[in-house]
Protein chains: 6
Amino acid sequence: MTPTPTSLPDTPPILAFGAHPDDIEFGCGGVIAQETRAGRGAHFVVCSRGEAATHGQPGQRVAEAQRAAALLRATIEFVELDGDSHLEVRAAHAITLAGVLRRVRPGIVLAPSPVENQHPDHSRLGRLVCDAARLARFGGVRELTAAPPHGIAQLLFYALTREAEPGNISPVLIDHSRPEIVAAWVAAMEAHASQTSARNYVEVQLTRARLHGLGAAVEYATALFPADPLVFTSLSGLGRGARGF
Amino acid sequence: MTPTPTSLPDTPPILAFGAHPDDIEFGCGGVIAQETRAGRGAHFVVCSRGEAATHGQPGQRVAEAQRAAALLRATIEFVELDGDSHLEVRAAHAITLAGVLRRVRPGIVLAPSPVENQHPDHSRLGRLVCDAARLARFGGVRELTAAPPHGIAQLLFYALTREAEPGNISPVLIDHSRPEIVAAWVAAMEAHASQTSARNYVEVQLTRARLHGLGAAVEYATALFPADPLVFTSLSGLGRGARGF
Amino acid sequence: MTPTPTSLPDTPPILAFGAHPDDIEFGCGGVIAQETRAGRGAHFVVCSRGEAATHGQPGQRVAEAQRAAALLRATIEFVELDGDSHLEVRAAHAITLAGVLRRVRPGIVLAPSPVENQHPDHSRLGRLVCDAARLARFGGVRELTAAPPHGIAQLLFYALTREAEPGNISPVLIDHSRPEIVAAWVAAMEAHASQTSARNYVEVQLTRARLHGLGAAVEYATALFPADPLVFTSLSGLGRGARGF
Amino acid sequence: MTPTPTSLPDTPPILAFGAHPDDIEFGCGGVIAQETRAGRGAHFVVCSRGEAATHGQPGQRVAEAQRAAALLRATIEFVELDGDSHLEVRAAHAITLAGVLRRVRPGIVLAPSPVENQHPDHSRLGRLVCDAARLARFGGVRELTAAPPHGIAQLLFYALTREAEPGNISPVLIDHSRPEIVAAWVAAMEAHASQTSARNYVEVQLTRARLHGLGAAVEYATALFPADPLVFTSLSGLGRGARGF
Amino acid sequence: MTPTPTSLPDTPPILAFGAHPDDIEFGCGGVIAQETRAGRGAHFVVCSRGEAATHGQPGQRVAEAQRAAALLRATIEFVELDGDSHLEVRAAHAITLAGVLRRVRPGIVLAPSPVENQHPDHSRLGRLVCDAARLARFGGVRELTAAPPHGIAQLLFYALTREAEPGNISPVLIDHSRPEIVAAWVAAMEAHASQTSARNYVEVQLTRARLHGLGAAVEYATALFPADPLVFTSLSGLGRGARGF
Amino acid sequence: MTPTPTSLPDTPPILAFGAHPDDIEFGCGGVIAQETRAGRGAHFVVCSRGEAATHGQPGQRVAEAQRAAALLRATIEFVELDGDSHLEVRAAHAITLAGVLRRVRPGIVLAPSPVENQHPDHSRLGRLVCDAARLARFGGVRELTAAPPHGIAQLLFYALTREAEPGNISPVLIDHSRPEIVAAWVAAMEAHASQTSARNYVEVQLTRARLHGLGAAVEYATALFPADPLVFTSLSGLGRGARGF
C-alpha cells in the first residue's frame, strides 16, 4: 500500500521530506525535477496537511501536493506527526521517520534546514530527519525491527528562505537551468494554488534560484547544504567552483 | 625554460603553491600522488627556499623539494617573493602569482589555508593565491599582458596543521587510501630529510589523514577546503557523505 | 478581566515577556521606564511565580512583580506554563503565547534571548516567544480562532546576563540616561526585595548598562537584539553609531 | 576646487567610497538616489579609474562615473591610491582618506564591505575607510592638521556581491521601492556602459535588491551593514522588522 | 545503596555522565585514569543500557561498563531516562540529574558536548547536564529538597567524535601521556568488547588523543571544553600553551 | 643598556606589548600589578610615543608611561616601528619584536587583541606580536642570529575595549580583587594624566573589570584570551569556572 518509487536499476531513490504540503516543491523542486527527468526515482514524505495555514483547506492542500508531486514525477505519502504548527522534536517522531528511511531505503535524502526561519515546523523537521538518518542505522532500536538497518548516502538540507540557509555549512549549488526543468518546477509550485494566489511565493524562489545561478554563471541554481563532508576519490569529481562574479 | 607539466590531453594541470620547500608535500601530498598516478599533471610553485628554518640549508632544501616533487610525479619551480619568514601580502606578489596562473593555466589550484597557524608565511601565501586567482581573470592588469586572462576551475585550500583548517568552509575529504598512494606520499615527505630528522612531521600528517579517513570510513583522507561553492548538475555527482561514525 | 494596557491613540502597546517575576525589570526595565514615560503603553506577561528560587515565596514574588510593574507604569499578567525551572519548548506553550499576542496586539515585543545563560527557563521562553510571534500570524491554527491573526512590528531580545547576549545578532543600544528614568528602573529592580537582599543583581544590571552607555557616549544604555533585520526608508532613521571609544 | 556637495541646511552630506568607477552605483546606488531625492547631499570618492578591468578604458570609465554620479545627483572626485587591482592596506592611504573625511565632514559614510569577494580592492578599501574614520578623530596626526578633527555619525558597509555581505553584522534594509528611485538607480548603473554591455551586472543587483525587498515585504531594498551598534532613544525609532516571509 | 566514590580528604569527586555504557570511557577515559591514579575519586552516571546498539545486549553492556569503570578506578551507577536512542531534553530529566549532583556533590563534572554528532543522545545529555548543574543550585525546586543545593566547580564537555567538539569554546588539553595511564585507558575501552569487536572505536580515540598530543608536544592528550570561563588568581596557573607545531 | 627585568629565580619574566604609552596599563594593568606584587618580573615594550593623540605631547606621554610602569613595578622600553597611527603589519616589524623576545626571553607574553577596535594600531600590534612569537623560535632568520631562539610559554591577548575581545577565543578571567592591587592599577592608569583628564578611560576599565568580576563572583577581574589551547596535567589545575550568575 505504501508507495514504492521506481528508479534506475541499482540506483536508490531520492527521498525528500517536507513539513507542509508545499515545502519540498518550493525548497528544492527544481532539483527534483532535474533528477527525475534524468531517470532517478524520487519519493516525497509530507508531515502535515497544512491545516494551520491562512489559506487552503487540508483536503485541497493534499490534492495540490499530489498534483505537484506528479508534475515532478515523484511519488508521495503523508505521515502524521503532531500536525501543522504543532511539530515538536520528539524521539518517537525521529523513530517514525527512521522507519520510513528503512522502508524506502534512499541514497540521497533532502530535508528542510535545521536553522530556524519563519515557520517553526521547518527547522524541527530538519532536526528530526537528521536524527532519523542516524537511528535508521542502529540495529537495536526496538520499534524499527520490521526492516533491516539502512545507512543513507547523503543528507542534504534545503532552505525555504534565505534565513534558513545554514551559516556554518558551505552550500553546493545544483545547476538546473534547462528551460524544461524550470518550467516543471514552476508548474509544481503553481500547483499549490491555494498558497500562490495569496502571496508571491513563486517569485521568492525564482529570485533566489536566479541569484544563486548568477553566482555560478548559469541560469538557475538551488543551494543545498550537506550535513556531512563530501567524500571524493578524485579532484576531478569536484567539478568547478562558483566563481561567476 | 619554465617547466610545463604534462597532463592528460585536454585536462588542465593541477597547480599547487607552497610557502616553503616542504609545505605542499606535507599539506596535500597524498592528494597529488593520487592525481598524478591517475594521469593528471601537477606543477608545484614554491615561494621560498626555506632559508629561515632551524634545520636545513637552502641548497639542501631545494634539492629535497625537487626530489619530493619527482616522487609525486610533479614538476616544480621556485618563485622568490620576500623570502622565508618575510612574506607580506602585497599587490605585486599577487600579480606575480597571477602571472604564473596565466602561464600554467591550471584547472584546480591548491594553496595553503588563509587561516593563521604556526608560520605566518602560510596564511599570507593563501591570501596571495586567492587574490592571484582573481587578478588572473582581469583583462587590463598592465603587468599581466604577456599571457591572456585565465579563469581557474577551483581554488582549494590545504591545511598544514589542524589550526589552519578554516572553520567557515566545509571540508571535502579526498580519499587516497590505496597503499601505493600512501607510500608515495610518505616517501615524498621523507625526502625532506632535513626537516623530518628533527621533528615528527610525518607522523603529524599521517595521524591527521588517518583521523579524516576514520571519519569517512576509509583508510586515509585529506581535507581540502573549497574557496567557492561547488557546482553540480546532478545530485549523483556529490557522491556520499562522511558518515562513518 | 484580562488587563488591557493603555497607550497613545493608534500606538500599539509594547509587550514584554519574562520567565520569572523579576526578569523583565532586570533585563529591560530601563527601556520600559523610558517608553511608558513617553506615553506608550506596556504590558508584562510573566510565565512563572518564581517558585523554584532560593529566596522568596511565590506570593511575595507576585506582589513584588506587581509593584515593580506599577513603578514602570506597565500592566502585568501571569501565565502558567510548566512552572519555574520546569519550562519546556512545547508547541502548546507557543500557541498559548500566540493567543496572548492576538489579544494584546502589540507592536514591539520584548523577550529573553534564546541564547542559554545561567537559567534554562530564559532561553526556552525566548524560543517560545519567537515561535509564538510566527504562529500568531497563521490563519488556520485551531486553538487561536478566538482572535484574528496579528503580525507584530518587531521582536527584540533582551539579555539577563552578558552570556545571553546573542553573538550572531548586532545589538541596538537604547539610551535611557535621564536620571528620572534610571531612578524608576532602579526602584523597579529593588521592588524585588526577596532577590536583591541576597545578591547584587541591581549592580550587575547597572554595570552592564553603564558599560553599554560608555560605548555609546551616554550615561546608561541597554542592548537589545532584533530578531529580524531593521527596515528603514531613510538613512537618517539610523541615527548615529556607538563610536564613543 | 574640490567639489563641495550641497545638502539640506544643517544636514551633513553622505559620503560614499568606491574602489572602482562603478562600485558605488552597483553597491548602493538605490540608497543614494533616494537620499538625494529627499534633499540630502551626497559625494562620491572613487579610488581608481578602473584601469585593470577587462572592458573600458580609464578615460571612458571616469566619464561614465561622472555621468552616473550626476544621475544620482551626487558630486564626485577621484583619489589615486595604488591603482586598480593594486590597492594595499597602508597607513598612508588611511590617512589620505581621513583627510577627505575632514574636508567633506560627512554624517553617514558608505564604504565597501571589509569581507573579501571577487575583487581584492573592495575589501581593502573597506578596511581603509574603517581606519580613516578613526584617524579623522585623532587630534595629533601630523598629516591631517590642515582641517580640524571630525567624527562621523555612522559607517555603513555596502556589499557588491552576496559573498561580501558580512556574516557577523546584522543588516539593515533600506527600502527604496518607489519607481522613480529604481529608475534612477538603473540609469546610473547603465551609465557604466563599458561594464554592462559585457556582463549582466545590473541584473545581479536588481535580483539582490528584489530578494531583500521580498524579505521586507517591499519592492526593492538594499542591505547595509553598520560598523557600530545603532543608538536609539526610543523603541519607536527602530521601525519594523523584516518579517515578510 | 547508591555508590559513594572515595576521594582524597576534602577533595570533591569527579562526576562523569555518559548517555551509553561506553561513552565516558571513549570520550574521556584517559583523563579519568590519570585523575584516579592521582588519588581523586571518580563516579560515573550512565543514562542507558545501550539497548539500541547494533551490537551487544543490555546485560552484557552493563557488565562491560562495570568492568571498565573498575579499570578506571571509578564507581558507577545507571540512571534510566528515556532509554537508548530515545532521550529527550525534558525538565524532569534535568531535575533527576540535578538530584544526582546534589547527592554526589562533585567538584568537576564531565558531560558529553552539547554539539550534535553521530548519535542524538550525546548532545541531548550534554544539554541536560548543563541544565542540571544550574538547577542543583536553586533552593526552591520542589523535587530536589531531599539534599541541600550544590554548586559545582566546573562543567567540562568531552567530545566522542571530532564533529562534537564545540567550535565556540576554546579547548583545554589534558596531557595524559604516561604509559600506565594510556594502558589503563585502552583496557577500559577494550572492556567494551561488544563494541570494539565490530568497529575500530579504540583507534579513533587513540588517533584523536595522539593528534591533540602532537599539538601540545606530548604523547597523548584529551581536549575538554569548559562550559564557563576559567578563573585564575595568577598567570602562572595557566601553565603553558599548546605551541608544539 | 637595555633594561633587564628582575624576577623570581628561575621564573621567566612577563613581557607586555603596547601600541601606545597607556595601552598596557589600561588593558591589563591590574593583572601586572598582581603578578609583580607576587614577585614576578614584568617588562613593558611600548611601540610608539602616542604622538598622534588628541591630548598630550610625546615627551609628556613617555614620562607618564615610565611613571606608570614604576607604579606597576615593571621595567619599560620604547621601540619605534612606524609611529602612532601609522603602524602596518610588516615582516620587518615582526622580526624586530622577535628580537625583543629573544633578548627578554619571557614566559608569558601579553599583547593587544588582534580584533579591530577603535584604534587600528591595536589589532596590528597584536598580529605582529603573534608573528614575532613564532619567528623567535625559528633558527634560521638571519636578522635574529644575535640571540638564540626562544619559545615562549603563552601568548595572551588583552582587550582595550569590549569590541576587541575576540569572539572565537574563550576568555580566562584573572581575579585581581585585592584592594591594594586595584589601587595600584588605578594609580598606574591615572599616571596617564594627559589622557585621563580628557576622557573617562579609567571608569571604562574599572566598569569592565567589575563586570567580569561579577561574573566570576569576585570583586575585579580582567579577561585575557590565550592564543593557544591551555595544557594541563590535572583537572585540579583548571580551578573553578565563572558561574557567579
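The values are calculated or read from the model by the stated rules, or taken from the named source; none is laboratory data. Treat the numbers as computed from the prediction; the structure is a model and nothing was measured. Reconstructed Cβ throughout: ideal geometry from the backbone, glycine too, with neighbour counts over all protein chains shown. Calculation scope for accessible area: heavy atoms of the full protein, side chains included, ligands and nucleic acids excluded. Shrake-Rupley method; radii C 1.70, N 1.55, O 1.52, S 1.80 Å.
Some points to look at:
- Members of segment B:206-245 found to be of a type in the set (A, V, I, L, M, F, W, C) and in a strand (DSSP E or B), listed by number: B:Ala221, B:Ala223, B:Leu224, B:Phe225, B:Leu230, B:Val231, B:Phe232
- Filter result for D:Thr207 (of a type in the set (S, T, N, Q) and out of contact with any strand residue (DSSP E or B) (no Cβ under 9 Å at 6 or more places or on another chain)): yes
- When segment E:187-214 is filtered for residues that are of a type outside the set (Lys, Arg) and open to solvent by 30 Å² or more (accessible area, probe 1.4 Å), the ones remaining, listed by number, are E:Ala187, E:Glu190, E:Ala193, E:Thr196, E:Ser197, E:Ala198, E:Asn200, E:Tyr201, E:Glu203, E:Leu206.
- Flag for D:Gln195 being touching a His at 6+ places or on another chain (Cβ under 9 Å) and closer than 21 Å to D:Ala74 by Cα: yes
- The lone criterion from (1) more than 14 Å from chain C (Cβ to nearest Cβ); (2) open to solvent by 20 Å² or more (accessible area, probe 1.4 Å) left unmet by E:Ala242 is number (2).
- The single condition from (1) crowded, with 22+ Cβ neighbours inside 10 Å; (2) of a type in the set (A, V, I, L, M, F, W, C); (3) under 18 Å from A:Leu97 (Cα atoms) that A:Cys130 fails is (1).
- All positions within segment E:196-213 that are modelled with pLDDT under 95 and of a type outside the set (Val, Ile, Thr): E:Ser197, E:Ala198, E:Arg199, E:Asn200, E:Tyr201
- Test for B:Ala183: is it open to solvent by less than 30 Å² (accessible area, probe 1.4 Å), small (Gly, Ala, Ser) and either assigned to a loop (DSSP other than H, G, I, E, B) or away from chain A (no Cβ under 14 Å) (or both): no
- The set of residues in segment A:204-231 that are charged (D, E, K, R), within 7 Å of another protein chain (Cβ to nearest Cβ) and touching a helix residue (DSSP H, G or I) at 6+ places or on another chain (Cβ under 7 Å) comprises A:Arg208, A:Arg210.
- From the options F:Arg90, F:Arg102, F:Arg127, residue that is over 28 Å from F:Asn168 (Cα atoms) and at pLDDT 95 or above: F:Arg102
- Count - residues of segment E:167-179 that are open to solvent by 20 Å² or more (accessible area, probe 1.4 Å), more than 20 Å from B:Glu165 (Cβ to Cβ) and within 14 Å of chain F (Cβ to nearest Cβ): 3
- Selection of segment A:111-166 for residues being farther than 19 Å from B:Pro229 by Cα, more than 14 Å from chain E (Cβ to nearest Cβ) and either without any contact (Cβ under 8 Å) to a residue 24 or more places away in the chain or part of a helix (DSSP H, G or I) (or both) yields A:Pro120, A:Asp121, A:His122, A:Leu125.
- For C:Gly237: the one exception among (1) open to solvent by less than 10 Å² (accessible area, probe 1.4 Å); (2) out of contact with any Asp or Glu (no Cβ under 7 Å at 6 or more places or on another chain); (3) under 30 Å from D:Ile152 (Cβ atoms): (1)
- Count of segment E:86-99 residues which are surrounded by fewer than 24 Cβ atoms within 10 Å (Cβ to Cβ) and either in a helix (DSSP H, G or I) or of a type outside the set (A, V, I, L, M, F, W, C) (or both): 9
- Applying the set (1) in a helix (DSSP H, G or I); (2) at the interface with another protein chain (Cβ under 10 Å from one of its Cβ atoms); (3) of a type in the set (A, V, I, L, M, F, W, C) to F:Met189 leaves exactly one unmet item: (2).
- Scanning segment D:77-110 for residues that are basic (Lys, Arg) and within 14 Å of chain F (Cβ to nearest Cβ) gives D:Arg90, D:Arg102.
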